[in-house]
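Here is the structure we will look at.
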Amino acid sequence: MRLILLGPPGAGKGTQAQRLVQRHGIVQLSTGDMLRAAVAAQTPTGLIAKDIMANGGLVPDEVVVNIIADRIEQDDAKNGFILDGFPRTVPQAEALDVLLKKKKLKLDAVVELRVNESALLARVEKRVTEMLERGESVRADDTPEVLSKRLGNYREQTEPLVHHYSDKRKLITIDGMMPIEEVTAEIERVLAAVTKADETAQAAKRKVASKRAAKPAKAAKSAKRAPAAKSKAKAKSKAKRVVKKAAKKAAKNVTKKVAGKAAKKVSRGSKKGSKAPAKARKGTRKTAAKAAAGRGRKATKKVAKRPSKAAKRLTKRR
Ligand code: ADP
C-alpha cells in the first residue's frame, strides 16, 4: 500500500502514520524527520535545510524530491510506504507523479487530515510539553511564531494539493478533530473500501483479459471480416432507404393524382364518384409496386391506404 498523509502541522500525521505502519507493515517516510537527521549529521543537504527549517520555510523542491526518489528505492519501501510531509507543493506532487509512473508504482490514496486551525497551536504546545517531559530536545520550529509561518505555508503551498489529488480521484478527507482512535478507525474504514473497489476493478480487468486471450483466433477472424461486413451492411441499408423513399414518392404521386381525379369526378356530380376510392387504391398499388420493384412493400401499402380515405372524405362532403 502506498499512501500520502496530508495536513497542516499538528494535524496528527505523525501519530496516524505510526499506526498505519504497524497495521500494514509499510514504512513511514517523513521528509521532516529525514531533513532533521540530515541537519544533525551536517550533510550537504542538512546544511542547506538547517536555517530554512528553523525559520519555518520550505526546503527547495529538488532537494526533497531527490531525497524521496532515493528513499523509495530502498528495500524496506518495497512493500509500500506512507509519505508524511511530502509532497508539500504542486511541483513536488508532479515530480512524485512522474517518479511513481517511471517505477510503475501505484499510489493507493491520499489521506487528508482536516483540522480546525484554532486547535493547532494548542496541539503543538502540548507536543512541546510532552517532548520536554520525556527529556527530548524540542524542535527549533515548534514556537508560536514559526508555527504561524508554517501554517501560512501550508495554506498557500500545500493545500492546493487537495485539488491535485481530488482531480486524480485519490483524495480521502478525514475529520482530524475526532479523538485519535476514531481518526484511525475512520482511515482504516475508508482504506478498506478503497482496497476492495480496487480489487474488484482488477478482477474485472483480468476477466476481460483472460476472455480475450482465450479467443485469439476468433477475435482475429472477426476483426478481419469486420470491415467488409460493415461496408456490406451499410450498402444494404442505404439501398433499402433509397427503395423505400422511391416507393413512398411514387405512392404519394399516384395518390395525389388519383385522389384529385376522384375528387374531380365527385365534384362533377357523377355517380361514378363513389367508385373512385376503389380505383385510387388499385392505381396506387400498381404504380407504387412498380417503383419499388417488389421491395419496400410495407411503405407502399401504408401510403396506398391514404387515397381511399381522402377520396372517401371528399365523397362524404358532397
Ligand atoms: P510539520 O510538523 O510542520 O508538518 P515536518 O516535520 O513535516 O513539519 O517538517 C518540518 C520542516 O521540514 C518543514 O517546516 C520544512 O521546513 C521542512 N520540510 C519537510 N518536508 C518538506 C517538504 N516536502 N518540502 C519542503 N520542506 C519540507
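Read the figures in this text as sums done on the coordinates, not as results from a lab. Computed from a prediction, not measured in an experiment: that's the story for all the values here. When we count neighbours, we look across all protein chains shown, and the Cβ atoms used for this are built from the backbone with ideal geometry, even at glycine.
Mind jotting down the distance between the C-alpha centroids of the range 197-214 and the range 77-121, whole Å?
Taking the Cα centre of each part, the range 77-121 and the range 197-214 sit 28 Å apart.
What is the sum of charges around VAL162, taking Lys and Arg as +1, Asp and Glu as -1, for the other residues whose C-beta is under 12 Å from the C-beta of VAL162? Before the final figure, lay out the partial values.
Numbers: positive: ARG114, ARG155, LYS168, LYS170; negative: GLU112, GLU159, ASP167.
Taking every Cβ under 12 Å from that of VAL162, the sum is +1.
For THR173, what charge total do you get from the other residues with a beta carbon under 11 Å from its beta carbon, if Lys and Arg give +1 and Asp and Glu give -1?
-2
So who's got an amide H within less than 5 Å of the one on LEU6, skipping anything under 5 residues away but keeping other chains? H placed 1.01 Å off N, in plane.
Amide H neighbours of LEU6, under 5 Å, 5+ apart: VAL111, GLU112, LEU113.
Sequence-distant or interchain residues sharing an amide H contact under 5 Å with SER30, placed H: which?
Here the answer is ASP84, since their amide H atoms fall under 5 Å of that of SER30.
Under a Cβ-Cβ cut-off of 13 Å, what is the net charge of the residues other than LEU58 that fall near it, where Lys and Arg count +1 and Asp and Glu count -1? Spell out each step's value before the answer.
Numbers: positive: ARG88, LYS149, ARG150, ARG155; negative: ASP51, ASP61, GLU62, ASP141, GLU156.
Taking every Cβ under 13 Å from that of LEU58, the sum is -1.
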